[in-house]
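The structure under discussion appears below in the form of structure tokens.
What follows draws every value from the coordinates through simple rules; no lab data is involved. From a predicted model like this one, the values you see are computed outputs, not experimental measurements. Reconstructed Cβ throughout: ideal geometry from the backbone, glycine too, with neighbour counts over all protein chains shown.
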Amino acid sequence: MIIEELNADYWQRRYNDGTNVWDAGDVSTPLKNYFDHLTSKEIKILIPGAGNGYEAENLLNAVFKNTCLLDYAIHPLKEFKKRVPGFPDSQLIHQDFFDHEGKYDLIIEQTFFCALHPSLRNKYALHIHHLLNDNGKLVGLLFNNPMADRVPPPFGGTKEEYLKYFSPLFNIKTFDQCYNSIPPRKGNEFFMILEKKIKSQD
Ligand SMILES: C[S@@+](CC[C@H](N)C(=O)[O-])C[C@H]1O[C@@H](n2cnc3c(N)ncnc32)[C@H](O)[C@@H]1O
């Protein structure tokens, strides 16, 4: 697929026609496990490309009050609002990630990076860095598979390639084979914890 075709209409269509095969239907085990070990409930959290937002629902139930869910397809946001009516409207953001401004302590990655055209990977890393507070973290999952045998998206990759984008901007706290993936992704993903490096010009 060319980059122009991977727009909000494309993703909206995938939700409308029920081909949102990436949808796990619940918070994923590695992220739930990570959330369960967070100590401060006050931190500002962003989930970009959140889709149906099961992670945001889990965080709300665990009394994290400052979670924002962002997606540029309206369908999953509307479904989320129906499913989780108590979630504040001001924290449901219908916007292109690359236009979003704000400051967060934690940004969650799950099947958003792999939905972006690979030519946007450097821009993604820079924008995540820009959105994080000092010492803020990008935490989540990336496919450990170049996916060369199938028509993208998802666009896969290797650890070596991913680190080219992230190492200049983040301290790599964890970047390992994920041990508690959901069954369809077992053996196929990395779990990462990346901490923002502070650049003098940021
Ligand atoms: C593969 S889906 C993953 C959804 C969700 N993270 C999950 O795990 O179910 C990718 C999501 O990213 C959204 N998306 C893609 N590009 C985006 C962008 N530039 N800004 C905001 N959302 C975007 C799509 O609308 C879609 O909901």
- request: Above 22 angstrom, tally the Cα pairs of region 62-202 and express them as a % of all pairs, no decimals.
  value: 44
Neighbour cut-off at most 11 other Cβ (10 Å), DSSP loop, trypsin sites (Lys or Arg not before Pro), region 14-81: LYS41
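With a sphere of radius 10 Å drawn around the Cβ of PHE87, what net charge do the other residues whose Cβ falls strictly inside it have (Lys, Arg +1; Asp, Glu -1)?
Residues close to PHE87 contribute a combined charge of 0.
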- request: Excluding residues on the same chain fewer than 8 positions from LYS196, give the aspartates and glutamates whose Cα lies under 16 Å from its Cα.
  value: ASP105, GLU109, ASP134
- prompt: Say we join alpha carbon atoms closer than 10 Å with springs in a Gaussian network model of the chain; which of ASP149, ASP96, ASP26 then has the biggest fluctuation?
  reply: ASP149
- prompt: GluC sites (Glu not before Pro), restricted to region 147-202: which are DSSP loop and have at most 14 other Cβ atoms within 10 Å?
  reply: none
query: Over what distance in Å are the Cα centres of region 71-91 and region 148-202 separated?
result: 27
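Based on Cα coordinates alone, diagonalise the gyration tensor for region 1-151, multiply each eigenvalue by 5, take square roots, and list the semi-axes in whole Å, largest first. Walk me through the numbers before you get to the answer.
Values: eigenvalues 108, 68, 48 Å².
For region 1-151, the semi-axes come out at 23, 18, 15 Å.
Considering only Cα-Cα distances, which of the following residue pairs are longer than 32 Å: LYS44/LYS199; LYS65/LYS164; LYS81/LYS186; LYS32/LYS103; LYS65/LYS123? All intermediate terms of the calculation are to be shown ahead of the outcome.
Details: LYS44/LYS199 21 Å; LYS65/LYS164 34 Å; LYS81/LYS186 30 Å; LYS32/LYS103 23 Å; LYS65/LYS123 29 Å.
Over 32 Å apart, Cα to Cα: LYS65/LYS164.
Going by average Cβ neighbours within 10 Å, how do the peptides 82-93, 166-177, 97-108 rank, with the highest at the top?
Details: 82-93: 12.6, 166-177: 15.2, 97-108: 17.2.
Ranked by mean Cβ neighbours within 10 Å, highest first: 97-108, 166-177, 82-93.
Kindly work out what percent of the DSSP beta bridges joining two residues of region 3-196 are antiparallel, to the nearest 5. All intermediate terms of the calculation are to be shown ahead of the outcome.
Numbers: 15 of 29 bridges.
In region 3-196, DSSP labels about 50 percent of beta bridges as antiparallel.
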query: Just GLY140, GLY18, GLY51 to compare: in a GNM of the chain, with alpha carbon springs under 10 Å, which one fluctuates most?
result: GLY18
query: Using only helices, what value at 222 nm comes out for the chain when you add -39,500 (n - 2.57) per DSSP H run of length 4 or more and divide by the total residues, to the nearest 500 deg cm²/dmol?
result: -7500 deg cm²/dmol
